[in-house]
Each structure stands twice: as C-alpha cells, then as structure tokens.
1. In debye to the nearest 20, how big a dipole does the chain give about its Cα centre with +1 on each Lys and Arg Cβ and -1 on each Asp and Glu Cβ?
2. Relative to the compact-globule scaling 2.2 N^0.38 Å, provide the ratio for the alpha-carbon radius of gyration of region 413-453.
3. When the Karplus curve 6.51 cos²θ - 1.76 cosθ + 1.60 is applied with θ = phi - 60°, which whole-Hz ³J(HN,Hα) does each residue of region 473-485 get, with x for Gly and Pro?
4. Taking semi-axes √(5λ) of the Cα gyration tensor in Å straight from the coordinates, which label in (i) 35, 29, 22; (ii) 42, 26, 24; (iii) 39, 27, 21 is the correct one?
5. Within straight cross-link reach of K243, meaning Cα distance under 17 Å, which lysines are found once same-chain residues fewer than 8 apart are removed?
6. Per 0.36 nm of contour for each residue apart, how much would the distance between R492 and E552 grow if the chain were fully extended, relative to their Cα-Cα spacing?
7. Could you list L257, L25 in order of exposure, starting from the residue whose Cβ has the fewest other Cβ atoms within 10 Å?
8. Taking 26 Å as the cut-off for C-alpha to C-alpha distance, list the pairs among K39/K499; K375/K425; K66/K330; K66/K195 that go past it.
Amino acid sequence: MIVQLSQVRCCDGRVDSTQVRDLFLVDGLLADTVPRGSKVDSEYRLPGHVVLPGGIDIHTHIGGGKVNLARLLLPSRSVDSAIHQAPSKPWLAPLSCPVPNTWETGRRYIQMGYTTCFEPAMLPAGARHAHAEMRDTPWLDTGGYVLLGNERMLLQWIAQGAPQHLITDYVAWMIRSHAACAVKVVNAGGIDAFKFNQRHLDIDETHPIFEVSPRRILQVLSTAVSELGLAHPLHVHCSNLGKAGNIDSTLATIDALEGRRMHIAHAQYHCYGNDGPHGFSSAAHLLADRVNASNQMTIDVGQVLFGQTITLSADTMHQFENRKRANPRKTVFQDIECQAGCGALPFRYRQSQYVHSLQWAIGLELFLRINDPRKVFLTTDHPNGGPFTGYPHLIRLLMDYDFRMSIFEQLHPDVQKTSTLPQLKRQYTLDEIATATRSGPAAALGLSNRGTLRPGSLADVAVYRIDSDPESMFSNPAMVFRRGKLVYREGRFLEDSDKTTIVAEMRDRERAEDWSTSKEHQQLWRDRYGYSPSRTAIRRDELLSEGRLVEENQVHAS
C-alpha cells in the first residue's frame, strides 16, 4: 500500500518545516520517493497543511489497578452526554470522567494525533492487568515502566549490602518478566516507610525498619539501569511531592545520582520554594538551571490545568497527607503485595486559589526557562494535573504569549504580584512543539523509528490544517495514519490498527532469565510475597498470542 501526501509541510523538530514537499507512506513506513516500478494507491493533496509524526505521551496513567480505582471514585457519565456539550465539535467535548474507559482514552488520543503512550507506574503484581487494559485501548501503541524502589525484597538486599550484580540481575528480571520498557521509582523507600507510620523520608533519612536511605536506593537502581543499557534513564518521582520548599530535596536527589542519567517525572510538583506571602513560591528557575546545565537530565512537566480531576499515585505517603483536600471528600488507599502502594482522591484546581494558580504558572515557567525542548516534554501527568485532552490548550499557552497573559490576569492576585511568568515572553515555535511532543520523547525512550519523518520510520503521522489558533489546530487533525493506514479523518474513525507493546532491550539479557531460574531466588520470593515469581511473569508469546506486536527500544549507547 502506497499513500502520497502532496504539497504538504513536514515538521518533526529535525527538518526544515517551512519547505513544502511530498511525503510517501510505503507499506507502513515513510519514504521520500516511490519505489521503482510501483504506483501510488492513494494521493491526498494537502496545501495549507502540515504533517507531524504521531504524538508520544511519555507519562500518562492509562492502565492498571489505580486507574480502575479512579473510575470507581468518579464514575463515568455516558460518553454521549459529554459529546452533547459540544455537538458540532465532539473532539472538544470534555471527557466523560477524569479517568475514562479504554475506548474513550484511545479515541480521544487519536483525535489529537497521538499514537504512542506510556503507563509510568506499572506495579509488578499488576503488570498483566495493566497490559490487558493497554491492549484494549484502541489505536495506541503502548509501554509501561515497572515500579521498583519500595518492594521489601529489594530494600532488604540493599540494607544487607548485597552486591550490585545481584540487584542488577533482579532489575533485569523484573523488567523482562513484566514486559516493561523502563524503571520507575516513586518516593524511594518512602511508600514502604509510610506503612510503618513514617510521614516523610528525606534523601538521607533512614527507613524505620531497613537500614537504607532514598539516596542509596536511587544510586543502586540508577546503576542497574546503566549497567543494563536501558534506553530510558531511571524515571524518578522525587520525595516530598507537592510540599513547600521541596526544591531542596529535588536538587539533593539530582546530586544523589552523581551525574548518572535521570528523568524527573511531573517536575512541576517538585520545584516549590517556601517564600512569598503564603510560604509557598516558585523555584522553577533553580530546576531549570540544573536541566539547562546537564546533558544527562530530562523532565516531563505535569502541567496543572484548572478544573475537576482525580489524583492517582503510588506515593501513599503524599496522598494520605492530602486526603482532607479531596474534592469531593472521598479517598481510596491500597497496599499491594508489599511492592508499593496506591492512593486515589478527587481534586479540583481553581484559578482563584493561590497554590493552584501558582502551580499553573510554575509548569509554564519550566517549559519557558528550559532552553532545549529535547529536555522538557509536554504532559499533565494525566489525570493528576488535568486531562490529556488539555494538550491543545497547553500548546496554545506555549505558542501564544498574549493568550498566556489573558489567563494569567485571572489568577489569584498574589500570584500576579510575585510570579515572573510575564517576563518570560518566549513563544514556542511549531518545531519546538514537535520536539516536545514527538522527537524529544522518542529520543528519551530509545524509539528510533518514532517521533521522526525520516525515511524508513514508522508511518504514524498526523496531518493538521495550519491555523493561527494552535488550540483549534491540534484539537482535530484532518487525518491520522497508523502504519500507513488512514484511521481517522475529519472527525470520523475509519478503522482500528495493529497495536504494539514496547519493551526494553538490554545488554546481557540472559541475566534476566538466570535470576528467575535460581532456586534460592524463587524461595526468597515465595517467602516474601507468598507466591511463585512465575505467577505474574509475562512471556513474549503471551503478548503475541493476544494479537499484539512486540517492539524493543534501543540499548543506550554509553
């Protein structure tokens, strides 16, 4: 199958997006020309349009037990009732609930031109469930980050001074057996410390039971990620999320990794000072300076958008502290196999509230202060900061200074007096948006065939009408292709597409298999968790038998 997109601008943050040219989709891959002896099956003339690679969301909660807890807390209205609020433009309608079902999730992502999404907190015991939900999400290729750094077995080993090679073998097995593509750590050691009635755990504090600190946990896990050659660095949810003055622990976390690669998740929640009229202030400039000065760091922002949402986190310590701020007033907490935790509580961000207004401004500060869009990725930490359907609105905030200021003028008066946001007059270009939503996340995840329009790359592309209003432009692409097949056009869904599970390639992959075959390790696992480690292990043939493709990202070139 050969498709020709004629007279179109091409933009992926790497090529000159002002040039008008033809782009060919040949048997699911991109090409500059038609192979000799072949003919075009379908041609679309697209003057006044721009083609971008399919969007990549590096951090969005779309699968697993916590997602279903959120659906129970704020159950869905009918999707039709949401669409009826904007009958002429259903793609602009609100989600049916803050955490929609899999069908609506896939539909709303493809309506924005996104084709690949990553679940960032996949509990080992719940990995099969998370993958099942992602498989059931139409149109999207998916991957998951396995959640480590609070499971009792690992904490005990670190406390006992286990050799690094043993822990690296364990990490390799956890990645391979749960079909993960990266490692995530949430409040290192703090989730487990909470179970012993500890309410905070700073970088050099000791766990109440195990003689281990968050610093040591982060060092051991980042070393394992490096030794295995994982494409994506350690994906870090720092301690003290959301607390005034937490910039100190965030910078200490960066120092703890001693120059190793790292990715800070939902960084907006981790760069607060304790100055100002309410003892809560922006420290975005301090984190941005660190990111600008390093070639080993990336972040996703976790931008706050005003309105009703629900917050989900394995960070039970933080969620418990916020339980009285739930709106409406109901919460769910769960302990899962002593591997992590879970807290879900509804939340409403209000423009009139000082902290909420400041959080909105801080997220935008990070985007605007970090010079290289290859280091800062567009997310709302869906659903924690707001729904992923707010991305077109967020893109307009970044590309249009006057629009940004029109919202800023509605914020709490003390935020207007103290924030430096009005001084940041930078406006993102289309190329920078393409980098922050496509080529940047692809590079950070080792996805050489995505996020780019280079010949031979995957033919996942979105075609947008060029519009002076970026929000309107990115809310409804004219066409979306998946592997060269037209799946969405002018508000109509044409067909589903093959779905791919993205897993990690690693050096010495036999290390993963070796760990699980050890009788000693099997017995340790049974003693700790009460079941065989093979019970939750996911085999590749299991994924393939469900009709999924399996793709490995690249090994990091150290």
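Each reported figure results from applying straightforward, stated rules to the coordinates on display, with no laboratory input. It should be emphasised that the depicted structure is a prediction, and the values quoted were computed from it without experimental measurement. Positions of Cβ are backbone-derived with ideal geometry, glycine not excepted, and every protein chain shown enters the neighbour counts.
1. 860
2. So region 413-453 has a normalised radius of gyration of 1.77.
3. Once θ is set to phi - 60°, the couplings for region 473-485 become 4, 8, 7, 7, x, 5, 8, 9, 10, 10, 6, x, 9 Hz.
4. Correct label is (i).
5. By straight Cα distance, K243 reaches K324.
6. Between R492 and E552, full extension yields an extra 18.4 nm.
7. L257, L25
8. Among K39/K499; K375/K425; K66/K330; K66/K195, the Cα-Cα distance tops 26 Å for K39/K499.
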